[in-house]
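Structure first, commentary second.
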Amino acid sequence: MISTSKQEGFEMRATAYDNKNLAQAGFTLVEIAIVLVIIGLLLGGILKGQEMITQARIKNVINDFNGITAAINSYQDRYRALPGDDINAASRWAASFAGNGNGQFDQAGATEVYNNIPAAAPTATTPEVNKFWWHLRLSGFVPGQTGAVVAAVIPPANNTGGILGVQTSGMGFTSNIICSSNLPDKIAIAVDTQMDDATSTTGQIRGLLQ
């Protein structure tokens, strides 16, 4: 609501002193333009920095998938077995434990999930999805603990605070798959676009809401 009042016979005057103060208190168009340019540059720099961080994360996620795939292939070439499922691992490395050798991640014939976090040091019944990391670390194909301690069988984190891991089947797949969790939608879409068909429900790269 706006209200106005009118006073008859009232005259407003501005002295020279008032004009001077008003001029000193204001900004010229040039000053305003300079301020706006500086703000624009700062915002542009911030946005550019954020985009660079996002692109780096996308690259890291892709490198994770490619790196794990390469480690699996190298392990299979050397030992003729799937890490985690390797039935000869116990005879190859002292104090380690083998898998059941059926080509899947299912130590006791039960469904195993990639993000399982063991609460204790590995045993013969430790899930194969966790032995997977132990076997790769023991073989030197990925870095990490190699002793019979809980850290040796814990899956690593990705660069977005999620978990990297493997499991058998899921999201329409019936084969062994590599999983990476907690990916922001922009990163997940970019990874699918760069590595596959940009569709979350088809192809070799798929996603779901968590």
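The values are calculated or read from the model by the stated rules, or taken from the named source; none is laboratory data. Note that the structure is a prediction, hence the values are computed from the model and not measured. FYI the Cβ positions are ideal-geometry reconstructions off the backbone, even for glycines, and counts take in every protein chain you see.
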**Request:** Test Q145 against the stated conditions and say whether it is in contact with a helix residue (DSSP H, G or I) (Cβ under 9 Å, 6 or more places away or on another chain), without any contact (Cβ under 8 Å) to a residue 12 or more places away in the chain and either surrounded by 13 or more Cβ atoms within 10 Å (Cβ to Cβ) or among the hydrophobic types (A, V, I, L, M, F, W, C) (or both).
**Result:** yes
**Prompt:** Would a scan of the range 52-61 turn up a residue that is free of Cβ contacts under 8 Å to residues at least 40 places away in the same chain, basic (K, R) and within 28 Å of T174 (Cα to Cα)?
**Reply:** yes
**Qualifying position, being within 16 Å of V153 (Cα to Cα), among the aliphatic types (A, V, I, L, M) and out of contact with any Phe, Trp or Tyr (no Cβ under 6 Å at 6 or more places or on another chain), among A90, A56, A98** = A98
**Request:** Taking G99 as meeting all but one of (1) at pLDDT below 95; (2) outside any helix (DSSP H, G or I), write down the number of the exception.
**Result:** (1)
**Prompt:** Which residue out of I87, I72, I53, I68 is touching a strand residue (DSSP E or B) at 6+ places or on another chain (Cβ under 7 Å), closer than 30 Å to L136 by Cβ and modelled with pLDDT of 70 or more?
**Reply:** I68
**Request:** Sort out which residues of the range 160-189 are under 10 Å from the mean Cα position of the chain (by Cα), surrounded by 18 or more Cβ atoms within 10 Å (Cβ to Cβ) and among the polar types (S, T, N, Q), and write them in order of number.
**Result:** S180
**Request:** Considering each residue of the range 114-156, count those that are under 21 Å from the mean Cα position of the chain (by Cα), within 17 Å of P83 (Cβ to Cβ) and assigned to a loop (DSSP other than H, G, I, E, B), and give that number.
**Result:** 8
**Request:** Pairs only if they're at least six apart or on different chains, beta carbon under 7 angstrom, first in the range 123-138 and touching a residue at least 40 places away in the same chain (Cβ under 8 Å) and buried (at least 24 other Cβ atoms within 10 Å of the Cβ), second acidic (D, E) and not in a helix (DSSP H, G or I); list them, first residue then second.
**Result:** E128/D85; E128/D106; E128/E112; V129/E112; H135/D86
